[in-house]
């Protein structure tokens, strides 16, 4: 795994490692519309899988995309990739919404391992595209348009980091598992 992806992944591993499966299913404010930690990891896995499919297609075809980004896509690339900021509150695309993989409830360590596998797979494909096509724009992102391999990696680092803040907000809302167990024992 590329060091920048490894670094952001390690933050997830640290945040999730000690979380039991029950905690990973809790929704902030007990609102089912808000993602649990498991929902969030499923979303990240789905986005990595989507990128992997796009890059695999390019490798199978043997040539990079001939498409060009629109002016709006260039602007979005500038905001997200250059400034490293993902806007909060944007709804996830349908293909990346949780509850598609039908995962059983998992603990934090299991979720972190699944995320690691998805990032590894995607990052390997990013490397293969770079080796095969060089630094040119290789494939088209549904929102940002055509991107180079380094831009694909940067997008995922920014996206994964964006959701790390969300994971921390989940913990702030539902509490740490030890605090939850202690308060339950007192009741």
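Each value in this text was obtained by applying a stated rule to the coordinates, not by laboratory testing. Not measured: the values here are computed from a predicted model. Here the Cβ is made from the backbone with ideal geometry for all residues, glycine too, and neighbour counts use every protein chain on show.
In whole angstrom, how far apart do the alpha carbon centroids of the stretch 20-41 and the stretch 65-118 sit? The stretch 20-41 and the stretch 65-118 have Cα centres spaced 18 Å from each other.
Modelled spin-label separation between residue 82 and residue 127, with each label point placed 7 Å from Cα along the Cα-to-Cβ direction: 3.1 nm.
Counting only alpha carbon atoms, the long axis of helix 177-186 and the longest principal axis of the chain meet at about 20°. Calculated FRET efficiency, residue 10 to residue 66, Cβ-Cβ distance, R0 = 45 Å: about 0.75 to the nearest 0.05.
First measure r as the distance between the Cβ atoms of residue 176 and residue 59, then evaluate 1/(1 + (r/R0)^6) with R0 = 30 Å and state the FRET efficiency to the nearest 0.05.
The formula returns an efficiency of 0.10 here.
By the Cα gyration tensor, the stretch 1-69 has an equivalent ellipsoid whose semi-axes, rounded to whole angstrom, run 32, 16, 10 from largest to smallest. If one puts a single equal scatterer on every Cα of the stretch 24-63 and applies the Debye formula without solvent, what log₁₀ I(q)/I(0) results at q = 0.22, 0.27 Å⁻¹? Calculated log10 I(q)/I(0) at the listed q: -0.67, -0.82.
Angle of helix 3-16 to the longest C-alpha principal axis of the chain, folded into 0 to 90 degrees and rounded to 10: 20°. As a rough footprinting exposure proxy, the listed residues 51, 140, 14 were ranked by other beta carbons within 10 Å of their own, and the order from fewest upward is 14, 140, 51. For the stretch 127-180, what is the convex hull (Cα atoms) projected area averaged across all directions, in square nanometres? Orientation-averaged projected area of the Cα hull: 5.1 nm². GNM on the chain, C-alpha springs below 10 Å: top fluctuator among 127, 31, 39? Its mean-square fluctuation being the largest, the pick is 31. Counting only alpha carbon atoms, the long axis of helix 149-174 and the longest principal axis of the chain meet at about 10°.
Taking the Kirkwood radius as Rh and the Cα radius of gyration as Rg, the stretch 64-129 has a ratio of Rg/Rh equal to 1.05. In whole angstrom, the stretch 97-152 maps to an equivalent ellipsoid with semi-axes of 29, 14, 7, each derived as √(5λ) from the alpha carbon gyration tensor and ordered largest first.
Taking the square roots of 5 times each eigenvalue of the Cα gyration tensor of the chain, largest first, gives ellipsoid semi-axes of 33, 17, 14 Å.
Here the simple spin-label model places points 7 Å from the Cα toward Cβ, and for residue 21 and residue 75 these points are separated by 4.7 nm.
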